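The values are calculated or read from the model by the stated rules, or taken from the named source; none is laboratory data. Not measured: the values here are computed from a predicted model. FYI the Cβ positions are ideal-geometry reconstructions off the backbone, even for glycines, and counts take in every protein chain you see. Ligands, DNA and RNA are stripped out before the accessible areas are found, and what is left, the full protein with its side chains, is counted by its heavy atoms. Shrake-Rupley method; radii C 1.70, N 1.55, O 1.52, S 1.80 Å.
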Amino acid sequence: MNLRGLAIGACLLPWLAGCVNSTVDQMVFNTPGAEGIGDASVVILGRRHASDYETEPDFIRCVGNHVSSRDESISVIGELEFLNALYPWFEPRTAPLRPADLERLLEHDDVARTFANLQTQYMIWIDGSTVRNDSAGSMTCGIGPGGAGCFGFGTWSNDANYEATIWDFSNRAEVGRISTTASGQSYMPAVVVPIPIIAPVQGTACDSIGDQLLEFLSPNYPETP
């Protein structure tokens, strides 16, 4: 079992993007091995059981695109494609909460057939969200004889918290867990024209989880010179 924590601080083009602090924790029990996952596929799904938030579909797409774009040998099934193929078994009220619950689903012939056709080896569940907090400042806009304009200053923070749980479908077991937190401060000064300076909090969290999944799934990542 591997345990690892990584803290990252990034301030990218400070006049165009806000600063982001990110932390990643990884716990891996059993990696695919040097040969990778071969012809098998991976599906990345968002958990949406909570009543006060849902894991954003665009974040799930971001992680899937990050993985597939950096290792084209990894076949990532789109979340919507997977959900439609296995409707209604992966809707929030019926989705399996533990790897052992997959046995119950496979008792249905159509479900077992779909899984076989998709060649799914790893199911990756992502749970979490990005929220906006601590808004402050004020801004006034108006129209006068000289034209329209705004004046003021606003600031807010964004906090992202996500956890990815990796299930090995063939063994019906959890084989890894990755969590990431990211926080950043965004600003919007305005002298005539508002200029948003946005901290890419959700994008940083997506890259962090995507990189850790690549280290788990891809025998070629990170590439060595």
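Tally up the carbon and sulfur contribution to the accessible surface of region 93-225 as a whole percent, 1.4 Å probe, everything protein left in place.
Answer for region 93-225 is 53 percent, counting heavy atoms of protein chains only.
For the chain, take the longest principal axis of its alpha carbons; what is the angle in degrees between that and the long axis of helix 201-217, to the nearest 10 within 0 to 90?
Relative to the chain, helix 201-217 is tipped by roughly 20 degrees.
If Lys and Arg each add +1 and Asp and Glu each add -1, what is the summed charge of the other residues whose beta carbon sits under 11 Å from the beta carbon of Val43? It would help to have the intermediate numbers written out before the result.
Working: positive: none; negative: Glu79, Glu81.
Net local charge, Val43 excluded: -2.
Which one of Ile77, Val191, Met123 has its Cα pushed farthest toward the positive end of the charge dipole of the chain, where Lys and Arg give +1 and Asp and Glu give -1 at the Cβ?
Positive-most Cα among the choices belongs to Val191.
Using the Cα centre as the reference, give the magnitude of the dipole from point charges on the C-beta atoms of region 92-206 (Lys, Arg: +1; Asp, Glu: -1; all else neutral), rounded to the nearest 20 debye. Write out the running numbers ahead of the final one.
Values: 7 positive and 11 negative charges, 60 e Å.
Here region 92-206 has a charge dipole of around 280 debye.
Which value at 222 nm does the chain reach when only helices count, each DSSP H run of 4 or more adding -39,500 (n - 2.57), with the total divided by all residues and rounded to the nearest 500 deg cm²/dmol?
Calculated at 222 nm, the ellipticity per residue is -7000 deg cm²/dmol.
Quick check: the distance between the Cα centres of region 195-220 and region 116-136, to the nearest angstrom?
12
Pull out the extension gain between Ser41 and Glu81, defined as 0.36 nm times the separation in residues minus the alpha carbon to alpha carbon distance; nm, one decimal. Intermediate results must be reported in sequence, preceding the final value.
Numbers: separation 40, 0.36 × 40 = 14.40 nm, distance 1.30 nm.
In short, 13.1 nm is gained.
I need to check one value: relative contact order of the chain, counting alpha carbon pairs closer than 8 Å and at least 6 residues apart, in percent.
On the way: 467 pairs, mean separation 60.9, N = 225.
Answer for the chain is 27 percent.
What does the charge dipole of region 84-156 about its Cα centre add up to, to the nearest 20 debye, if the Cβ of each Lys and Arg holds +1 and the Cβ of each Asp and Glu holds -1?
That gives region 84-156 a dipole magnitude of about 280 debye.
Which angle between 0 and 90 degrees, to the nearest 10, do you get for helix 57-70 versus the longest principal axis of the chain when only C-alpha atoms count?
Orientation of helix 57-70: about 70 degrees from the principal axis.
Could you list, bin by bin from short to long, the percent of Cα-Cα pairs of region 121-225 in 10 Å steps?
14, 28, 23, 16, 12, 6, 1, 0
About its Cα centre, how strong a charge dipole does the chain have in debye, to the nearest 20, once Lys and Arg get +1 and Asp and Glu get -1 at the Cβ?
540
Per-residue counts of other Cβ atoms within 10 Å, averaged by peptide: what ranking do you get for 197-210, 160-173, highest first?
Packing order, densest peptide first, comes out as 197-210, 160-173.
So for the pair Thr23, Cys141, with labels modelled 7 Å out along Cα→Cβ, what separation do we get in nm?
3.8
Relative to the longest principal axis of the C-alpha atoms of the chain, give the angle of the C-alpha long axis of helix 109-118, reported between 0 and 90° and rounded to the nearest 10°.
It is inclined by approximately 70 degrees.
So, for region 85-215, what is the accessible surface per residue at a probe of 1.4 Å, expressed in square angstrom?
Averaged over the residues of region 85-215, the accessible area is 49 Å².
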